[in-house]
Amino acid sequence: MQSHRAHDLDAAERLYREVLELRAAQPDAMHYLGVLCHQRGRSDEGVRLIEASLKITPKHPDAHNNLGNIHKECGRFADAERCYRKALACGPQHYNAQNNLAVVLEAQERLEEAFEAYAKLLRQAPKFALGHYLMGIFLRNNAREVEHVEQSVECFRTAYALDPHNLRALEALGVSLYALQRREEAAQVYRDWLAREPEHPVARHMLAACGGAEAPSRAEDAYVRDIFDKFADSFDEQLLKNLNYRAPQVLAVALGDVLPAATGELDVLDAGCGTGLCAPLLRPYAKHLVGVDLSGGMVEKARLRGGYDELEVIELTCHLQAHPDAYDVIVSADTLVYFGELQDALNAAHHALRPGGWLAFSLEAAEGHDDRVELAPSGRYQHTRRYAERALVAAGFTLVHIATDKLRKECGQPVVGWVVLAQRQ
Ligand SMILES: C[S@@+](CC[C@H](N)C(=O)[O-])C[C@H]1O[C@@H](n2cnc3c(N)ncnc32)[C@H](O)[C@@H]1O
């Protein structure tokens, strides 16, 4: 277990198996080996092992909770819900199970029940900082009235007061204040943070995002790493909760219309691969599937998920510049939203594609018919259609399709984006 906690998965797996050779039905070894198998991408084996351990110790709340986590992360929300309810039946004070139950109810769009589950968690554990943070995110994501965003402000303040290390609560506080048009208060949150940590990349970026400083031409590498390394563990969950995150699916459908049949013959790059949500959608087309991302934490998740032939922690423009004529398809889902100025990245993508190759990416849409990009208070950039068209043509792309779609939900509202397809002639 010590090796497991230290992320030495090879040693932990060997030792758990040794325990099971000595005592075939040792329930803890089965349970933790099950967790480990899932972490290594062998989720079915993980489920079998934890189910077997629960036959021996059926009232083990942690084992029910961990089995629920595997189902949740595999998208089987109803199975996950059943496990969390069993965990809570065995251990009514199991905060993690209560929290997870709220998450899967939200993922199933049972919002009233999810709200009740978060509220129960906070009644049971009023000092559980993460619970306040998650309630705040829930209220803001599903806000039907201004009041819900106001309540999210209180949740984030409490979360931060209870755990001053939780800087995501501070970031979220600024975003909610800005959404309420309390822009000066939002900027003040980040100024206070910068006064304590003058170099903090998130505070710097978010101050610019709410108009308190000049916006950089793209999000700094340090900002991206900071946000996504911390986000890696909960990314899929946040996106599952933040329903309607559809960028990978939408891009795959758009590509399906222009690519030949998926016979696994193409060299494909997932630029900004994150935890690898695009991998299963791109795999059928790919002879060789490469994923690159700035965040080591996200790449580690993608490695565990599997599906890539090659993964690299690198800034995507650098990777593209170093690989001329290397790819038939380049996909970038919800990643160029961290770029204000797109020209360098698009030039590099053109350079990295073979003639006839396709680039597919999503952007968040800025309104208007002018040629403009702005850093939005969310910390992501928004581009006008004309900006995208002009930059693509300047990069040398000649065939450009831009469609509109809803890519995610924020503050209860759909975020409209551009789904862009461009071909190198
Ligand atoms: C919102 S996530 C999307 C991940 C994935 N494409 C998906 O759809 O699930 C954005 C990802 O872009 C990565 N990213 C942002 N800027 C980058 C850059 N300049 N180079 C490489 N990766 C970058 C982040 O680390 C993060 O993993």
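Worth pointing out:
- With the convex hull of its Cα atoms as the shape, the chain has an orientation-averaged projected area of 21.0 nm².
- Rg and Dmax over the alpha-carbon atoms of the stretch 155-288 stand at 18.9, 56 Å.
- Sorted ascending by nearby beta carbons within 10 Å, beginning with the fewest, Ser3, Ser362, Ser43, Ser176 become Ser3, Ser43, Ser362, Ser176.
- Added length on full extension, which subtracts the Cα-Cα distance from 0.36 nm per residue, Gln413 to Val146: 94.9 nm
- Straight-line cross-link partners of Lys287 among the aspartates and glutamates, defined as a Cα under 15 Å from its Cα and at least 8 positions apart when in the same chain: Glu265, Asp267, Asp270, Asp309, Glu310, Asp328.
- The HN-Hα couplings worked out from phi for the stretch 143-149 by the Karplus form 6.51 cos²θ - 1.76 cosθ + 1.60 (θ = phi - 60°) are 4, 9, 9, 3, 3, 5, 5 Hz, whole numbers, x standing for Gly and Pro.
- Calculated FRET efficiency for the pair Asp44/Arg85, C-beta based, R₀ 30 Å, to 0.05: 0.85
- For the stretch 248-372, the spread of Cα positions along the three principal axes, ordered from largest to smallest, is 40, 34, 27 Å.
- The stretch 55-68 - phi-based ³J(HN,Hα) in whole Hz, Karplus 6.51/-1.76/1.60, Gly and Pro as x: 5, 8, 10, x, 10, 9, x, 4, 5, 4, 4, 5, 5, x
- Here the stretch 336-352 is scanned for amide nitrogen atoms under 15 Å from the site 7 Å beyond the Cα of Asp371 along Cα-to-Cβ, giving 341-344.
- Sequence of Val419, Val175 once ranked by neighbouring C-beta atoms within 10 Å, starting from the fewest: Val419, Val175
- Spacing of the two label points (7 Å from each Cα toward its C-beta) at Ala119 and Glu154, in nm: 1.2
- Under 13 Å, Cβ to Cβ, from Leu255 - net charge with Lys/Arg +1 and Asp/Glu -1: -2
- Under 5 Å, built H, 5+ apart or other chain: amide partners of Ile330: Leu269, Trp358, Leu359, Ala360
- Shape parameters for the stretch 96-136, alpha-carbon atoms, Rg then Dmax in Å: 9.1, 27
- Per residue, the Cα convex hull of the stretch 127-214 amounts to 79 Å³.
- Using the Karplus relation 6.51 cos²θ - 1.76 cosθ + 1.60 with θ = phi - 60°, the per-residue 3J(HN,Hα) values for the stretch 350-355 come to 4, 5, 8, 8, 7, x Hz, with x marking Gly and Pro.
- Residues Leu122, Leu363, Leu277, Leu289, ranked from the fewest to the most other C-beta atoms within 10 Å, line up as Leu122, Leu277, Leu289, Leu363.
Coordinate-derived values only; no laboratory data. All values derive from a computational prediction rather than experimental measurement. All Cβ positions, glycine included, derive from the backbone under ideal geometry; neighbour counts span all protein chains shown.
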